[in-house]
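The block underneath contains the structure these notes are about, expressed in structure tokens.
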Amino acid sequence: MPYSILIVDDEEMLTELLSDFLQDCGYATHVANSSDRALELLQKRPDLILLDINMPGTNGLEFCKMIRNHVSCPVLFLTARVTETDKIIGLQSGGDDYITKPFSFQELAARIGAHLRRNERSRGGSNVVGCQGLLVDLSRRKVVWKEQEIPFSRREFDIIEFLISNRNQIFDKERIYEAIWGYDAAGDSNVIKEHIRKIRAKFMVATGSEYIETVWGMGYRWKR
């Protein structure tokens with residue numbers, strides 16, 4: 001199975017060129033032109049991230065700091081910044097290497113290969129799902145917003161994990177109850193409504209958003 005590389009840069013032409021080149025080198029690629037999209041693509045569990053620093057909104061340095069404690073793969077910064085101080089800041093933010101634009105694709109391929117070989121022992125790390133600034137670490141069962149963990153009970157996290165892992169689907173409370181408690185559980189599926197109320201309240205306090213939406217007459221789903 002080929003290594004996968006997440007390319008994050010707001011220059012669409014560059015990301016297309018990089019994606020085509022890396023695919024020719026035998027890699028699988030995922031492309032994001034914003035940090036929000038990059039968060040969503042973390043669920044692909046990339047083996048390496050190419051990350052531009054100068055992006056609008058959440059820049060590359062902020063994005064790297066946000067994910068560094070939850071994603072173990074190498075992060076290579078792509079940037080036009082060239083001073084020693086800039087390089088130090090980039091590495092202190094959690095980056096593993098610093099490639100200055102313009103660069104040759106051959107040099108980039110060599111560095112990618114070196115980092116992937118060095119990181120071989122770390123394959124199979126945390127399974128992280130990102131969504132609109134939120135990080136849900138399914139392996140460590142943690143939910144993090146701007147580097148701050150949001151505390152959830154075991155059942156609350158079970159519901160979050162179920163919905164975010166099936167984010168394009170709608171589930172009524174009976175289906176959620178069966179998925180979390182099991183088909184033979186003797187409880188009442190109405191408990192789902194109360195758990196979701198508590199989850200929404202915690203999300204609202206921490207982030208200002210609820211993340212779980214009600215589709216009237218049908219059930220619940222993770223907000224798209």
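Checked against (1) touching a residue at least 40 places away in the same chain (Cβ under 8 Å); (2) farther than 30 Å from Gly57 by Cα; (3) not aromatic (Phe, Trp, Tyr), Gln148 passes all but a single condition, namely (2).
If you go through segment 30-40 and keep only what is surrounded by fewer than 19 Cβ atoms within 10 Å (Cβ to Cβ) and in a helix (DSSP H, G or I), you end up with Asp36, Arg37, Glu40. Quick one: is Met1 open to solvent by 50 Å² or more (accessible area, probe 1.4 Å), hydrophobic (A, V, I, L, M, F, W, C) and assigned to a loop (DSSP other than H, G, I, E, B)? It is true that Met1 is open to solvent by 50 Å² or more (accessible area, probe 1.4 Å), hydrophobic (A, V, I, L, M, F, W, C) and assigned to a loop (DSSP other than H, G, I, E, B).
Among all residues of segment 10-26, there is none that is more than 20 Å from Val144 (Cα to Cα), within 14 Å of the chain's Cα centre (by Cα) and of a type in the set (A, V, I, L, M, F, W, C). A Cβ distance below 9 Å, combined with a sequence gap of six or more or placement on separate chains, defines the contacts here; from segment 52-69, residues that are among the charged types (D, E, K, R) reach residues that are open to solvent by 70 Å² or more (accessible area, probe 1.4 Å) in the pairs Asp52/Glu11; Lys65/Glu147. For segment 212-224, residues that are assigned to a strand (DSSP E or B), under 22 Å from the mean Cα position of the chain (by Cα) and not aromatic (Phe, Trp, Tyr) total 3. Within the set Pro151, Pro102, the sole residue that is at pLDDT 90 or above and part of a loop (DSSP other than H, G, I, E, B) turns out to be Pro151. Being touching a Ser or Thr at 6+ places or on another chain (Cβ under 6 Å) and either assigned to a loop (DSSP other than H, G, I, E, B) or surrounded by fewer than 18 Cβ atoms within 10 Å (Cβ to Cβ) (or both) is true for just one of Ser189, Ser139, Ser209. Which residue is that? Answer to the check: Ser139.
Looking at this structure, is Val129 in a strand (DSSP E or B), within 22 Å of the chain's Cα centre (by Cα), under 29 Å from Ile49 (Cβ atoms) and modelled with pLDDT under 90? Judged against the criteria, Val129 is a match.
Applying the criterion of being among the small types (Gly, Ala, Ser) and in contact (Cβ under 8 Å) with a residue 40 or more places away in the chain to the residues of segment 189-224, the residue that is nearest to Gln132 (Cα to Cα) is Ser209. Considering segment 154-185, and only residues there that are open to solvent by 20 Å² or more (accessible area, probe 1.4 Å) and among the β-branched types (Val, Ile, Thr), the residue that is modelled with the lowest pLDDT turns out to be Ile180.
For segment 43-78, give me each residue that is outside any helix (DSSP H, G or I) and open to solvent by 50 Å² or more (accessible area, probe 1.4 Å). Can you show your working first?
First, the residues of segment 43-78 that are outside any helix (DSSP H, G or I): 45-59, 68-78.
Within segment 43-78, Arg45, Asn54, Pro56, Gly57, Arg68, Asn69, Ser72 meet the criteria.
The values are calculated or read from the model by the stated rules, or taken from the named source; none is laboratory data. Bear in mind the structure is a predicted one, so any value in this text is a computation, not a measurement. Backbone-built Cβ (ideal geometry, glycine too); neighbour counts: all protein chains shown. Ligands, DNA and RNA are stripped out before the accessible areas are found, and what is left, the full protein with its side chains, is counted by its heavy atoms. Shrake-Rupley method; radii C 1.70, N 1.55, O 1.52, S 1.80 Å.
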